[in-house]
Structures are given as C-alpha cells and as structure tokens.
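Contents: one structure, followed by commentary.
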Amino acid sequence: MDTPESELEKMAALGRVTRALIHDFNNSLASIMGHADFLIADLPPQSEQHLFAENIRKAALQLQDSLNQIKNFSADSSHLPPVPPVPPVSPIPQSILLVEDREMVLKTIKTMLEREHHRVETANDGFAALDMIRENPRKYDILITDYSMPEWNGKNLLDEIRQDFKNLPVIIMSGDLQSLDDLRNDPSNQNIFVLPKPITPHDLSVAILSMQRRPK
C-alpha cells in the first residue's frame, strides 16, 4: 500500500514530466506558429494559401490554450504577464547573438529577426555563445538565449554575462514558464527581458524595443 509520502513523490514526478512535456510542445509550437506567420505576411490576403496559413496558426493557438490549461491544472503555478500591444515604432536594427539548441527553433527565430533587418549570428549552446562574446565584447547589442538547454544552459550563460558583461542586454526565452517566472522575480536581473515560448515576431519586437529604451 502506498504511503502518503510515496503518493506525494508520484505527484511531484508527474508534475516534472508535465512541465518537461509543456516545454517541448512550446518549442515545437514556436516553429509552427513562426512559419505560419511568415506565410500570412507574404501571401496575398485573398488567396486560398493565406487561408490555409491562418488555419494552421489558429490550430496552433488552440493547442497552446490546451497546454495552458494543463499547466494551470498541474503544480506549476507560474504566471507571466502577456506581452504588451504592438509598439508604436519598430526597433532600430541591432547586432544580435541568438542562442538556441533546437535547430528548427533557431532557424525560425533567426528568420523572424532578419525579416526585421537585424544582423544575427547564432550559437547552439552557452559555451559557444560565451566564446563569441569574449572574442569581440562590443560586437553584439543584444543577447537572445534559450534558458533550458542541455549541458551548459541559459542560467550558466546568464551568470557569466552578469559577471563579465553586465551592460549587455539579455532576452531570455523558454517554454518552461516556471524558470522564466523565477528569473523575472529575481531582483538581480535588472538588464534582462523574459519571453515565454512560443514566440511571435511581435513578441520579439516588444522585447528588443524594451531593451533599447532601458538606460545604459
């Protein structure tokens, strides 16, 4: 017969599995919604293909809503405020270092940034990103990094940035909302912007504009 302690352990394990699955689904949704947005922006509004792209995006949003319901039902009580409305002006093009371990998500977000005329270089992990920054500390205006990566993750990279490059603005993104909530509530994180996945071009514009407007 299971003891109350073993039942609690099972519930905690279920919560961890649920959190990991939501994180993975949000990464996949980032690519699906991103490419749907590209098609919606580029296709003639009255074309059948434009309608198909809109339907793909609607289906992805429905899945995102279902994931949010699962998250709210689980032990994860994190809550991030919605990204503000579209900014009145577009961000000034920036030199950006983008760090993401999932190749499809990396390509999707890189395309979002380049379509807004930003100059983008990429790295697949925190080690490579830190080497690139150390090689030329003034090359990048903003660092955009995933938080949950294998081996050397966004937290490790952020700790190094705080120590050696504290004036470099950092946008942290993740499908793990609890991690982002913890970062947002940490008073030492004054020069970062937290961005939950799945990410849209609008989300990126708001985050970049916010970093540009912060005092140096």
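The values are calculated or read from the model by the stated rules, or taken from the named source; none is laboratory data. Everything numeric here is computed off the predicted structure, so don't read it as measured data. Because the Cβ atoms are built from the backbone with ideal geometry, glycine has one as well, and the counts that use them run over all protein chains shown.
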Say we look at the range 198-216 and pick out the residues that are assigned to a helix (DSSP H, G or I) and in contact with a helix residue (DSSP H, G or I) (Cβ under 7 Å, 6 or more places away or on another chain); which of these is modelled with the lowest pLDDT?
-> Pro201
Mind checking which pairs have a first residue in the range 165-176 that is surrounded by 21 or more Cβ atoms within 10 Å (Cβ to Cβ) and a second that is among the small types (Gly, Ala, Ser) and modelled with pLDDT of 90 or more, Cβ under 9 Å, 6 or more apart or different chains?
-> Ile171/Ala207; Met173/Ala207
Is one or more of the residues making up the range 71-83 assigned to a helix (DSSP H, G or I), modelled with pLDDT under 90 and not aromatic (Phe, Trp, Tyr)?
-> yes
Only one of Phe165, Phe127 is more than 18 Å from Ala30 (Cβ to Cβ), touching a Phe, Trp or Tyr at 6+ places or on another chain (Cβ under 6 Å) and aromatic (Phe, Trp, Tyr), namely Phe127
Any idea how many residues of the range 160-197 are more than 23 Å from Leu209 (Cα to Cα), among the charged types (D, E, K, R) and either in a loop (DSSP other than H, G, I, E, B) or under 18 Å from the mean Cα position of the chain (by Cα) (or both)?
-> 1
Please indicate, with yes or no, whether at least one residue in the range 37-49 is surrounded by 12 or more Cβ atoms within 10 Å (Cβ to Cβ), in contact with a Leu (Cβ under 7 Å, 6 or more places away or on another chain), more than 30 Å from Ile161 (Cβ to Cβ) and at pLDDT 90 or above.
-> yes
Pull up the range 130-147, narrow it to residues that are under 14 Å from Gly175 (Cβ atoms) and touching a Lys or Arg at 6+ places or on another chain (Cβ under 9 Å), then point me to the one that is surrounded by the most Cβ atoms within 10 Å (Cβ to Cβ).
-> Asp146
Checking Leu113, Leu143, Leu98 in turn, the sole residue that is out of contact with any His (no Cβ under 8 Å at 6 or more places or on another chain), part of a helix (DSSP H, G or I) and either within 20 Å of Asn167 (Cα to Cα) or outside the structural domain of Asp42 (by TED's automatic domain parsing) (or both) turns out to be Leu113
